[in-house]
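Everything below concerns the one structure shown next.
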Amino acid sequence: MNDSEREQLAAAACTAAEGAYAPYSKFRVGAAVLTDDGQVFPGCNVENASYGLCLCAERNALSTAIAAGARKFQAVAVACIDANASLGLNGRMPCGACRQWLLELAPDAELIVAGDTRVFTVRELLPHGFEL
Ligand code: THU
């Protein structure tokens with residue numbers, strides 16, 4: 001992928017974040033996954049009054065893509081549009097559960113973080129991740 005394609009996917013993640021249902025945390029997150037054949041699937045976080053049931057944007061986007069039949073992914077972008085700028089990159093990275101999902105479903109995808117130029121591999125995010 002080139003920089004302009006990365007920016008496009010990051011923009012799709014930012015747009016997805018606008019659809020977030022986050023009345024409790026007020027922390028809107030969007031994700032966009034890019035399949036090997038060029039399809040883009042967005043997702044946002046969806047919260048619940050029973051806090052532990054909150055669904056992250058990355059898992060929403062991956063589930064949507066899987067449901068549509070996608071199986072191979074070249075990139076995943078995440079956008080935390082309400083992140084505290086003072087936290088820097090760590091305030092905008094995927095949580096541990098999403099990293100485990102990425103390892104299972106998109107192990108060869110590169111991770112793009114909206115607003116940052118760094119790109120990560122899934123194995124960098126989750127070294128020695130659990131596999132069955
Ligand atoms: N969240 C995500 O959507 N993705 C992550 O990787 C980290 C956290 C959501 C969950 C919750 O709705 C809000 O951000 C605050 O934790």
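In region 3-125, with Lys and Arg counted as +1 and Asp and Glu as -1 at Cβ, which of these residues, 30, 10, 112, has the Cα nearest the positive end of the dipole, that is, farthest along it?
The one lying farthest along the dipole's positive direction is 30.
For the chain, modelled as a Gaussian network with Cα springs under 10 Å, which listed residue fluctuates most, 100, 74, 39?
Checking each option, the largest mean-square fluctuation is seen for 39.
Please list the helices of the chain that count as membrane-span-like by this rule: a mean Kyte-Doolittle hydropathy of at least 0.5 together with Cα atoms stretching 24 Å or more along the helix axis, each helix being a complete DSSP H run.
Length and hydropathy pass: none found.
Please give the FRET efficiency for residue 8 paired with residue 104, using the beta carbon to beta carbon distance and R0 = 30 Å, rounded to the nearest 0.05.
The formula returns an efficiency of 0.70 here.
Taking DSSP loops as anything outside H, G, I, E and B, show the longest stretch in the chain free of GluC sites (Glu not before Pro) there with at most 12 other beta carbons within 10 Å.
Between exposed loop sites, the widest span is 19-130.
Pick out which of 12, 114, 85 has the largest mean-square fluctuation in a Gaussian network model of the chain, springs linking Cα atoms closer than 10 Å.
Of 12, 114, 85, the Gaussian network model singles out 85 as fluctuating most.
Go through region 12-64 and name the chymotrypsin sites (Phe, Trp or Tyr not before Pro) that are in a DSSP coil and have 11 or fewer other Cβ atoms within 10 Å of their Cβ.
In loop regions of region 12-64 (DSSP not H, G, I, E or B), the sparsely surrounded chymotrypsin sites (Phe, Trp or Tyr not before Pro) are 24.
Just need the Rg to Rh number for region 13-132, please, alpha carbons only, Kirkwood Rh.
On the Cα set of region 13-132, Rg over Rh gives 0.95.
Using the 10 angstrom Cβ neighbour count as an exposure proxy, how do 130, 120 rank, fewest first?
Fewest-to-most Cβ neighbours within 10 Å comes out as 130, 120.
Extending each Cα 7 Å along its Cβ direction at residue 123 and residue 84, get the distance between those two points in nm, one decimal.
3.5
Only sites in a loop by DSSP and with at most 15 other Cβ atoms within 10 Å count here; which trypsin sites (Lys or Arg not before Pro) in region 11-60 make the cut?
26
For each of 132, 103, 89, count neighbouring Cβ atoms within 10 Å of the residue's Cβ, then give the residues from fewest to most.
With the fewest neighbours first, 132, 103, 89 line up as 132, 89, 103.
Report for the chain the percent antiparallel among DSSP-assigned beta bridges with both residues inside it, nearest 5.
Rounded to the nearest five, the antiparallel share is 75 percent.
Give me the number: length gained by fully extending residue 97 to residue 27, i.e. 0.36 nm times residue separation minus the C-alpha to C-alpha distance, one decimal in nm.
The span from residue 97 to residue 27 would gain 23.5 nm if fully extended.
Scattering from the C-alpha atoms of region 35-81 alone, worked out with Debye: what is log10 I(q)/I(0) at q = 0.22, 0.25 1/Å?
-0.76, -0.90
Pick from 13, 109, 83: which is most flexible by mean-square fluctuation in a GNM of the chain where alpha carbon atoms under 10 Å apart are linked?
Comparing 13, 109, 83 in the GNM, the peak value goes to 83.
Just so you know, all these numbers are worked out from the coordinates, no wet-lab data involved. Being a predicted model, the structure only gives us computed values, none of them experimental. So basically every Cβ, Gly included, is an ideal-geometry build from the backbone, and we count neighbours across all protein chains shown.
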